[in-house]
Structures are given as structure tokens and as C-alpha cells.
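Asker: The structure's right below; bear with me while I get my questions together.
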Amino acid sequence: MASAEAERRAPSRFSVDETAIGLVLPWVVGEADLLAVEAANGTWRDVARGARRRLDLRAARGARGALDALARYGATLTDVDLSGRDFFDDGFVDSLPPLPRLRRLAADRCEALTAASAAPLLDRRGVAVSRRGSWRLVAPHPRWAPEDVLEAQIHALHNFERFGGAAIAFVYDLAAPQNKAATGPVDRFHRMMVLSYGIMLSASRVSYREDAQRTVYIAEVEPACHRRFVVRFRSRHPAGPRREMVFDWHIVRCAADDGEPCWLTAAVVAARDTREAGAEVVVYDDLLSAIFARD
């Protein structure tokens, strides 16, 4: 009796497996409902009820089917996962059906999604948006923290081979006005990145940490509006040794081009990496100067 009760309370063994369902369902329920059932993140019994609260669309085959599933269950959905879907772009957002009960949206690694269309989703009250790796969502805006700006720029640099000039322009857009005055316009900034900061565009591994104890490098900025990060780029050419460079990344709270205060990158300064008593120490090269200080 106890065994039967335990089995009744245990999670269903028929939890959705997208691969298996994709092979089996055409012979079970027919093509019309295939995507909705295949993408539902729950048990067979949950799917049969039709009142979906969670919808996992990571295995969706395309935008049309995903939108059909969202329209079918939109009135009851609270949790939607579209992580990694290339079709989750600005056009897809414009076609979304009403989702009145939505509370969580997973949009990780959706690199086709930009801030222009996603702003209503990001600003929607009561909706938590997971967006790790979706770097194009970040734009000069008070909603973004210094870490958001830094990570978005790093992701853009990592995607240089895929997006080319668009990735460089994205990094430039997240620069402080004084930084743009010293390094722009964007075509000049592009050449500078390719010729002088190639390791940022080809790095196979990037790590960063905040260093709040570093001597203030930009004297014109109040300490409370200044965040400093040590960013390490590592690159290994197939036919050569590993290369590694360290940069001090200064992000400040300042007025953007439209006058709205937000966090933007004020300066990126190359540094020499040394070791002292097992601790990491980053030392500025005496020949380098802050681009922020340029008149």
C-alpha cells in the first residue's frame, strides 16, 4: 500500500522529452498539436489538461510553430522559455500574442534580440527576464548595471567574426560621450579595435573581476559613480602559444548622448600583469594615458 502511495505521489515518468516526442507524436496526436505538446514543459497529463502555465520552446522548430503554441496557451502562461532560439528576434516580439499572466521569460543566448523591440518586455512590471548571453538587449539606459554593460561588450567582442562591424558599433554605443570623442567616430573606433586590440576579438576565454581598491584613474568622476574591473583575455592560436592580455575597464555613471544618466565605459587601459607573493597585481604601463583625459 505504501509503495502504491509513493508511486502516486512521484513525478510522472512521462515528463516531456522533446527528442522522443518529436519522433513519436506524429503517430499519436497528429501534426496539428505536435509543437504545443512537444514544447510543453510538464507531464503528459498536464498537457492533456490544456491549461498550460509553463511552456518550454527551446526545442521549437521555428517561429510560426512557437507563436502558434504561445497563442494556444497564452491566456494561462506564467513561464515561457525561449532560450537559444535564433528566431526570437525583433519580428518575433512584434508578433507575440497577449500573455496577461506572464511572470518569467527565459531569453538566454538570444543574440538576434535587440533592445529596440524588447524594451516593453524588459519594462513590463512583474515579469522577470533571464537574458544571459543576450548581449544585444543592453543599450544606454538606467536599467543596466555596470556588470551588464561590461558583459555585453565582452560578448559583442567575442562575436566579432559573426557580426563584424555591427559588433564593434555595439561596443562603441556603450562608450561614454567623452570616450567617443576621443576614439570616434565609429569607423575610426573600428580600425583601432582591429589594429590595436585584436586579442579582444579573437580571445577563446575571458574572465573579469572587480577591483574596488584600485587607485581612482579618472579623477573627474565621483568614486560612487566609478566602477573598475580587471578583464583578462586569453587567446591560443592553433599553431602558436597562448597569448594573454589584461585590461583595466573603467565604467562610470554619466549622461548618455540623450542626456539620460546611465553606466557607460569611460576607458579601457592595457596593463602589465605581475605576481607578488602569489597574488595578482596589475600595473599600468607608464607610457599609457587615460583616453578619458583628452580635451
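Read the figures in this text as sums done on the coordinates, not as results from a lab. This one's a predicted model, so the numbers in the text were calculated from it and none came from an experiment. Here the Cβ positions follow ideal geometry from the backbone for every residue, glycine too, while neighbour counts run over all protein chains shown.
Asker: Can you sort C225, C262 from fewest to most other Cβ atoms within 10 Å of each residue's own Cβ? Write out the running numbers ahead of the final one.
Answerer: On the way: C225 14, C262 21.
Least to most surrounded, the residues fall as C225, C262.
Asker: DSSP loop (so not H, G, I, E, B), at most 16 other Cβ within 10 Å: list which trypsin sites (Lys or Arg not before Pro) in the range 93-155 pass both filters. Can you show the working numbers first?
Answerer: Working: sites: R101, R103, R104, R109, R124, R125, R131, R132, R136, R143; in loops: R101, R103, R109, R124, R125, R131, R132, R143.
Passing sites in the range 93-155 are R101, R103, R124, R125, R132, R143.
Asker: Can you give me the P(r) profile for the range 145-208? Cα pairs, bins 5 angstrom wide beginning at 0, each as a whole percent.
Answerer: Answer for the range 145-208: a P(r) of 3, 18, 30, 27, 17, 5, 0 percent.
Asker: What length, rounded to one decimal in nm, is gained on full extension from R209 through to R191, with 0.36 nm per residue of separation minus their alpha-carbon distance? Working shown, then result.
Answerer: On the way: separation 18, 0.36 × 18 = 6.48 nm, distance 2.76 nm.
Computed gain between R209 and R191 is 3.7 nm.
Asker: Let me ask something else about it. Within 10 Å of each residue's Cβ, count the other Cβ atoms and sort M200, M192 from fewest upward.
Answerer: Working: M200 23, M192 13.
Least crowded to most crowded, the residues run M192, M200.
Asker: I've got another one for you. Test of understanding: ordering T78, T183 by Cβ neighbours within 10 Å, fewest first, what list do you get?
Answerer: Working: T78 15, T183 18.
Final ranking by Cβ density, sparse to dense: T78, T183.
Asker: OK, next. Could you give the alpha-carbon Rg of the range 78-185 over 2.2 N^0.38 Å, rounded to two decimals?
Answerer: Values: Rg = 14.5 Å, N = 108, 2.2 N^0.38 = 13.0 Å.
Expressed relative to 2.2 N^0.38 Å, the Cα Rg reads 1.12.
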